[in-house]
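Encoded as structure tokens, the structure appears first; notes follow it.
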Amino acid sequence: MTKLSYTMQTGFFGELDPTALLKKYGSPLYVYNEAVFRERCREMQSLIKGSPYTANYSIKANSNLTLLKIAREEGMYADAMSPGEIIVLEKAGFLPEQIFFVPNNVDESEFRFALDRNILVSCDSLDQVELVGSIASGSSLAVRINPGVGAGHHEKVVTAGKKTKFGIGMDKIDELKSLLTRYDLHLVGINQHIGSLFMESDAYLAAAGHFLELAASFPELRLIDFGGGFGIPYHKLAGEGRLDLDKLGRELSAMVKAFASNHGGDILFKTEPGRYISAESGVLLGTVTALKENGGTDYVGTDIGFNVLARPTMYDSWHDLEVWRDGVPVEGELSQQTVVGNICESGDILARDRELPHVMRGDNIVVLDAGAYGFSMSSNYNNRLRPAEVLIDLNGNDRLIRRRDTYDDLFRQFDV
Ligand code: LLP
């Protein structure tokens, strides 16, 4: 077996294989493995031990209704960024007290949308606190704190520190307190999120420590949310190790326990993992449509444009690739090839100068770790159809969990 057949080694497709799945459902196609998804939910649900705790699944990573129902079955709560995310969570069976609305720069109607449903809202600026105070004086709310230090895999996903739009800075805490008094607001929750995709826990733990120091000055708190950002090894074919969740969990549990014994109270602690839950449970399958050489570069043309997977174009993100032919992984001598999509932009590059075996037209490409920020960031750019999503269930059976767009979908919002 070659090191390029990670999905085969892990039995990702159950009894099936990428060629059979593409024949059955068409290309490109997102495929999820239920067992992996459940395993990741369980790891996150048991991160903090010995204190009241739940992980909130951050559904921006993947909001497929079937996956949300599984997350709920696993006991997860969820955070929502928009009314659209709230209604999808309701549809999946989440109760108002299991949903945390953590929006950014929203208007009165969106706050009302959540408040009318008894969903706790978090305000991302003093201005948003004032807005909630003016429409719901006397109510309970949370605020998102910007701890001053961020982390992340790309500047576009660092969400704390001086150079981002997120959260209420530590220098504004006194102003926050006077606003709370002015509008008779009860600060029952604080949340933070320093950024996305860390593989070492130091920055997260340091931020959590500062957060708990701050928490001590708010006596009404019943929720402390440390945020998400837990990374996954995108370079797994090269042997990249996993984030040491046991160590992170042990240290976080100790900090939380110490806080709870000093301050008492009935506080629920939370994290907000998105990527960690869904990334490795999903792969993206596509098809090689054309090959060419230009200026010394060998191009592998596929149907995986950045409308299907935006991450490589948007953040230069790396996704490991496998090449399959007729139901088996392709082996043999490797050479550098650049894998591109079918979108009319030169930035439409899935993988640049990648070591791959000899590829032929009709081969299947398997893009690993595509379950987070894959389908959820897909679009109809170039009037292309968004792909279908399939679940490999616990018995190894495949099931369509979202149909592919149709051409009719492209006309749905027009009077034709
Ligand atoms: N909580 C808040 C407030 C967030 O803004 C985010 C992600 C999360 C939780 C979940 O972060 P995670 O655990 O998934 O790292 N599209 C980018 C990632 C953007 C993350 C935005 N916020 C990507 O594909 O890498």
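Among the residues of segment 211-235, which ones are part of a helix (DSSP H, G or I) and closer than 20 Å to P273 by Cα? Those that are part of a helix (DSSP H, G or I) and closer than 20 Å to P273 by Cα: F211, L212.
Here is the figure for segment 183-225: residues that are within 16 Å of V143 (Cα to Cα) and away from the ligand (no atom under 16 Å from the Cβ) total 18. Restricted to segment 1-90, the set of helices (runs of 4 or more DSSP H) holding at least 2 residues that are within 14 Å of the ligand (Cβ to nearest atom) and not small (G, A, S) comprises 34-45.
Within segment 108-127, being in a loop (DSSP other than H, G, I, E, B) and either within 16 Å of the ligand (Cβ to nearest atom) or touching a residue at least 24 places away in the same chain (Cβ under 8 Å) (or both) holds for R117, I119, D124, S125. Would you confirm whether or not segment 388-398 contains a residue that is open to solvent by 20 Å² or more (accessible area, probe 1.4 Å), over 26 Å from the mean Cα position of the chain (by Cα) and in the same structural domain as A20 (by TED's automatic domain parsing)? No: zero hits.
Confirm whether L309 is under 25 Å from K23 (Cβ atoms) and assigned to a strand (DSSP E or B). Against the criterion (under 25 Å from K23 (Cβ atoms) and assigned to a strand (DSSP E or B)), L309 does not qualify.
Residues checked against (1) polar (S, T, N, Q); (2) open to solvent by 40 Å² or more (accessible area, probe 1.4 Å); (3) under 22 Å from E200 (Cα atoms); (4) in contact (Cβ under 8 Å) with a residue 24 or more places away in the chain:
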site: V129; (1), (2), (3), (4): no, no, no, yes
site: G133; (1), (2), (3), (4): no, no, no, yes
site: S137; (1), (2), (3), (4): yes, yes, no, yes
site: N146; (1), (2), (3), (4): yes, no, yes, yes
site: A151; (1), (2), (3), (4): no, no, yes, yes
site: E155; (1), (2), (3), (4): no, yes, yes, no
site: I168; (1), (2), (3), (4): no, no, no, yes
site: D171; (1), (2), (3), (4): no, yes, no, no
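Would it be correct to say that G228 is away from the ligand (no atom under 16 Å from the Cβ) and within 22 Å of Y373 (Cα to Cα)? Spelling it out, it is not the case that G228 is away from the ligand (no atom under 16 Å from the Cβ) and within 22 Å of Y373 (Cα to Cα).
The values are calculated or read from the model by the stated rules, or taken from the named source; none is laboratory data. Computed from a prediction, not measured in an experiment: that's the story for all the values here. With ideal geometry, Cβ positions are generated from the backbone for all residues, glycine too; neighbour counts draw on all protein chains shown. Areas reflect the complete protein model, heavy atoms only, side chains present, ligands, DNA and RNA absent. Shrake-Rupley method; radii C 1.70, N 1.55, O 1.52, S 1.80 Å.
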